[in-house]
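Asker: My questions will all concern the structure given below.
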Amino acid sequence: MICGRTHEELLRDIKNFHGYVAPGLVIGAFMVDVAYRLLEKNVEADVIVETKHCLPDAIQIFSPCTVGNGWLKILDLDKFAMAFHDRHTHAGIRIWLDLKKAEAHPNIYKWFMGQVSKKDLPSEVLVADIMKAGDDILSHAPVVVIKNAQREKKGAIRVCDRCREAYSASQGEICLACQGLGYYMQAAANA
């Protein structure tokens, strides 16, 4: 059992959430499983993940921590690592893909290091190797989170004088989009 699921259930849940069985998500499931085995019982855990690739999805599938509820933070350090920590004391456990250990599993190592193409290493073979390796390719260490541990509280809400949409009052007199920091421009309507 991994994260309370059989291998088949685990792979099904990954596919249903992510669209396909991503190898990084499978490794992520083992990482979450290790975290829960090592955390003290009844700890209210938050998670900091160190990459935007795959691992955030693993945390959202296999734990109650999500971006939406604020229990998951993504720091894009581009490291395949995560830290589960007590939201009150900030003590926790950091888990990462250990390249030295992964060397004992050549397909996993070559895939992670980008040394083999998908054509030369089919996903089914790689996922089977990851399932066989399990948490043997991971390392962990106790940590105390010293930055980014606090949850951001939603503050006062205002209505923008320009666009008439609600926004966080902390942005200023008008919303960030109307300040020129938006990500879109209004498209012409079809007449």
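Here, each number is a calculation from the coordinates, and none is a lab measurement. Owing to the predicted nature of the structure, the values given are computational and were not obtained by experimental measurement. Ideal geometry is used to build each Cβ from the backbone, glycine not excepted, and the neighbour counts take in all protein chains shown.
Asker: In terms of Cα to Cα distance under 21 Å, which lysines are near enough to K101, apart from those fewer than 8 places away along the same chain?
Answerer: Answer for K101, where 21 Å is the Cα cut-off: K79, K110, K132, listed by chain and number.
Asker: Still on this structure: If packing is taken as the average number of other Cβ atoms within 10 Å across a peptide's residues, how do 70-81, 17-28 rank, most packed first? Each step should come with its number before you reach the end.
Answerer: Details: 70-81: 16.3, 17-28: 19.1.
Most protected by this proxy first, the peptides run 17-28, 70-81.
Asker: With +1 on each Lys and Arg Cβ and -1 on each Asp and Glu Cβ, and nothing else charged, work out how big the dipole of the chain is about its Cα centre, in Debye to the nearest 20. Could you put the intermediate results ahead of the total?
Answerer: Working: 23 positive and 23 negative charges, 67 e Å.
Its charge dipole is roughly 320 debye.
Asker: I would also like to ask the following. Between region 67-115 and region 149-167, what is the separation of their alpha carbon centroids in Å?
Answerer: 32 Å
Asker: Need one word for region 1-58: rounded, prolate or oblate. Basis is the Cα gyration tensor (sqrt eigenvalues a ≥ b ≥ c); a/c below 1.5 gives rounded, then a/b vs b/c decides.
Answerer: Note, shape of region 1-58 comes out oblate.
Asker: By how many degrees, between 0 and 90 and to the nearest 10, does the Cα long axis of helix 123-133 differ from the longest principal axis of the chain?
Answerer: For helix 123-133, the angle is close to 70 degrees.
Asker: Fewest Cβ neighbours within 10 Å first, please rank W96, W111 accordingly. Each step should come with its number before you reach the end.
Answerer: Working: W96 17, W111 23.
Going from least to most buried by this count: W96, W111.
Asker: Given contacts defined as C-alpha pairs under 8 Å and at least six residues apart, what's the relative contact order of the chain, whole-number percent? Could the numbers behind the result be given before it?
Answerer: Values: 270 pairs, mean separation 33.4, N = 191.
Answer for the chain is 17 percent.
Asker: Spin-label point model (7 Å from Cα, Cβ direction): what's the E8 to M113 distance in nm?
Answerer: Distance between label points: 3.7 nm.
Asker: Another question, if that's okay. Calculate how steeply helix 23-38 sits against the longest principal axis of the alpha-carbon atoms of the chain, using the helix alpha-carbon long axis, and give the answer as 0 to 90 degrees to the nearest 10.
Answerer: Rounded to the nearest ten degrees, it is 90.
Asker: Taking Cα atoms, how many degrees apart are the long axis of helix 7-18 and the longest axis of the chain, rounded to 10 and kept between 0 and 90?
Answerer: 30 degrees
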